[in-house]
Protein chains: 2
Amino acid sequence: MNQDGARTGKAATVKEAKKVGAAAKIASGTTKTAPVKATRKTSAKKEAGTLAPRTRAARATKEVKQPSSDEIHERIMSAIMEHKLPPGTQLVEERLARIFNVSRTKVREAIGRLVHDQIATNIPNRGAFVSSPTSQEARDVFFARRLIEPTLARSVAMSATPQQVAQLRAHIKREHTARSSGAPHEIIPLSGEFHILLAQLSGNSFLVRTLRELESLTALIIILYDAPDEHHCPYDDHPLLVDAIEAHDADRAAELMLRHLEHVEHSLKLEPPVAGEIDLESVFA
Amino acid sequence: MNQDGARTGKAATVKEAKKVGAAAKIASGTTKTAPVKATRKTSAKKEAGTLAPRTRAARATKEVKQPSSDEIHERIMSAIMEHKLPPGTQLVEERLARIFNVSRTKVREAIGRLVHDQIATNIPNRGAFVSSPTSQEARDVFFARRLIEPTLARSVAMSATPQQVAQLRAHIKREHTARSSGAPHEIIPLSGEFHILLAQLSGNSFLVRTLRELESLTALIIILYDAPDEHHCPYDDHPLLVDAIEAHDADRAAELMLRHLEHVEHSLKLEPPVAGEIDLESVFA
DNA sequence: AGGTGCATGATTGGATACAATTTATCAAAC
DNA sequence: GTTTGATAAATTGTATCCAATCATGCACCT
C-alpha cells in the first residue's frame, strides 16, 4: 500500500541502489527507462486520499494520526523484515515523512536508529539504504547466534513455568497458521520473534536487545543469501524445542537450538570470503 | 557500513583509526575548554542575531572546530566512562551544544544514540540522564559477558598472529602506565578497550559492537556498585591472558577470561534481586 | 500558617528554512 | 558520436524557530 505508485520510477531506483557504492554506473544503465519526470507532483492522488491537508490544516480540521518516531522505526523495521523493503532500498526521508504524515525530523530519528543497528547504512550526503550484509557479516551474525542462543534455550528450559511454555506454544500456533495460510512474508518476522521471545523468557534484558539486533540482521541475510528452494525455518524445529523446554531437558534444548541454527545457516549460500567488490571498496576507503 | 570491523577491510578501518586517535587525544589532553560565554542567561533572541552570520563569519575568519555528531557522541561517552559524568547527570542539549559549538540538532543525535544503547535514559519532556543500571541489569550484563568473552578469548588464542599479540601487549603497556601514573579515571575506559580490542582481533564485527555496548554499561555499573576498596580490573589478569593467547593455549585463555570476569563481578556489591527503583532513588539522593 | 492554583522559566519535541553536496540532464564542442 | 562542461534537480545536513510540557515559585485564599 505504499510507494509503488506511478511516481518517478520508484521500483527502478530501489533496485538500482542494491550494490551501494561502486555499482552506481551499472545501476544507471539498468534504469534508463525510469526517469520520466512528467508524472511529477501529480502523485498527490495518494496524499489527497489519505492526508492531503498540510500539518496546519490537518490540525485545524481533523486530527490525523501522527505516529511517534518509535512507531515509525517499528513500521520501517517490519517492512524490512517482511522483505517489503529489500536490501539496497533507499530510505528517502521526505518520502517517508509524507507517508507517515510527519516532518523529516522524526523520520531521521527512526532512520538513525536503523543505521545504528546496521539495519540501514548511511552514505554521507547520499542517503540511508537498507543494508546488504556481506557474507562475512552474515557468518559473524550466525556465530554470535550459535554462541548465545543455545545457552538461552538451556536457561529457559531450566526455569520455564507452565505459563511461559504456554506463551511459546501460542507463538508456535501463530507461526503455524501463518505458514499454512501461505503468508511467507509473515513467517520470517514471526520466526524471529520466537527467538526474541525465548530471550525475554530468559529474563536477561541485555540479551533481549542483542537478540533483536541479531534477528533483524538475520532477516536481511536470509533475503540476500537464501537458496531459492531451501526453507530456512524448518518444519518443526520450534515445537521440538518447546517440547524439550517443557520437559526441562536443558541439554536437549541447547542441542536442538544449536542444530536449528546450524540448519538455518547451512541452508544459506554463503560463499567463502572472496569479495572482489569488497576489495574494490576497501581500496577507495 | 560497519564502523566496527577490525578485519573487514572497508571504509570502516580508516574511520576506526581516526576515532581511536581522537579518543586518545581527548583522554590525554583533557580537552576543553574555554566555557565560551558565562552569559548563559542571554536568551535565544540575541543568540539568533549573532548566530545567523556565524556560519559564514566563522568560515571567513577563523575555522572553529565543528565536531561531527560522531565526535560528540564519542566525547560524551568518554566522559561517562571516565566517570566525569556520573549516573543521574542530566545531559542538557543546549548546554552541550554551546560547549561543542554546534546546534542542538547534532547534540540530540548524539544523545539519541546514547539512549539507544541505554547509556542514557530519556524521560519525555524532561531530558536525557546518564543511566543508572539496576543491579538486575548489572547481572544481565555480566551474564552476557561471561557468555561471550571466554569464547572470544579462545578464538583469538587459536588464531593469534604475532602482530596481534603485539597489539595486545601495547595496550597492556598503556594500561600499566595509566595505572602507575595514578590516573584512575583513565584506567576504566582503557580496561574496557582491552576487551573490545580482543573482540576486534577475533574478527567478528557484530561481537565488536556488542562488546562496545557491554563495556560502556560495565563502566556505569562499576561506578554504581563498586566496593570502595576493591580494585575491579586487577593487577595482571590481562597480561596473563595475553600470555595464554601468545601460547595458543585456547582453553587456558577462555578459563582466564571467565575467572577475570567473575572476579570483577564479585568485587561489586550487587544485592540479591530486589529494589531496582530503590537503588535508583538512592543514586539521585 | 499552610495549602492550592496560576504565572513563569527552563527544557524538550517537532517542524521548517536554508545551505551543502551529490547526481542527473543537456548542450555544445571536438 | 562521444566527451566534456555547465546547470538543474533531488536529497541530505544543520540551524533556527515555535509549540508543548514539566518544574518552580509566588501570590492568594482559606
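The values are calculated or read from the model by the stated rules, or taken from the named source; none is laboratory data. Values in this document were obtained by computation on a predicted structure and should not be read as measured data. Glycine gets a Cβ as well: all are built from the backbone with ideal geometry, and neighbour counts include every protein chain shown.
With the structure loaded, tell me whether A:F284 is modelled with pLDDT of 90 or more and within 14 Å of chain B (Cβ to nearest Cβ) or whether it fails that test. Walk me through how you get there before you give the answer.
Numbers: modelled with pLDDT of 90 or more: no; within 14 Å of chain B (Cβ to nearest Cβ): yes.
It is false that A:F284 is modelled with pLDDT of 90 or more and within 14 Å of chain B (Cβ to nearest Cβ).
Would you check which residues across segment B:174-226 are hydroxyl-bearing (S, T, Y) and out of contact with any strand residue (DSSP E or B) (no Cβ under 7 Å at 6 or more places or on another chain) and list them?
Within segment B:174-226, the subset hydroxyl-bearing (S, T, Y) is B:177, B:180-181, B:191, B:202, B:205, B:210, B:216, B:218, B:225.
Within segment B:174-226, B:T177, B:S180, B:S181, B:S191, B:S202, B:S205, B:T210, B:S216, B:T218 qualify.
For residues that are part of a helix (DSSP H, G or I) and over 23 Å from A:H185 (Cα atoms), tally how many sit in segment A:197-207. Spell out the reasoning first.
To start, the set of residues in segment A:197-207 that are part of a helix (DSSP H, G or I) comprises A:197-202, A:205-207.
Subset that is over 23 Å from A:H185 (Cα atoms): A:200-202, A:205-207.
Count: 6.
Is it the case that B:S131 is more than 12 Å from DNA strand C (Cβ to nearest atom) and surrounded by fewer than 18 Cβ atoms within 10 Å (Cβ to Cβ)?
Here the answer is no, as B:S131 does not meet what is asked.
Pairs only if they're at least six apart or on different chains, beta carbon under 9 angstrom, first in segment B:110-127 and in contact (Cβ under 8 Å) with a residue 60 or more places away in the chain and of a type in the set (V, I, T), second part of a loop (DSSP other than H, G, I, E, B) and more than 7 Å from DNA strand C (Cβ to nearest atom); list them, first residue then second.
B:I119/B:S131
Being within 12 Å of chain A (Cβ to nearest Cβ) and either in a loop (DSSP other than H, G, I, E, B) or more than 9 Å from DNA strand C (Cβ to nearest atom) (or both) is the filter here, so list the residues in segment B:68-114 that pass it.
Within segment B:68-114, B:S68, B:S69, B:D70, B:H73, B:K106, B:E109, B:A110, B:R113, B:L114 meet the criteria.
Could you tell me which of the residues A:L85, A:L114, A:L147, A:L152 is within 16 Å of DNA strand D (Cβ to nearest atom), more than 27 Å from B:R104 (Cα to Cα) and not polar (S, T, N, Q)? Steps first, please.
Details: A:L114 fails: more than 27 Å from B:R104 (Cα to Cα); A:L147 fails: within 16 Å of DNA strand D (Cβ to nearest atom); A:L152 fails: within 16 Å of DNA strand D (Cβ to nearest atom).
Just a single option satisfies the conditions, and that option is A:L85.
Inspect all residues belonging to segment B:222-232 and state whether any of them is part of a helix (DSSP H, G or I), of a type in the set (D, E) and modelled with pLDDT under 80.
Going through segment B:222-232, the residues part of a helix (DSSP H, G or I) turn out to be B:222-225.
The next check asks that each one be of a type in the set (D, E); those that pass are none.
Within segment B:222-232 (the criterion being part of a helix (DSSP H, G or I), of a type in the set (D, E) and modelled with pLDDT under 80), the answer is no, since none of the residues qualifies.
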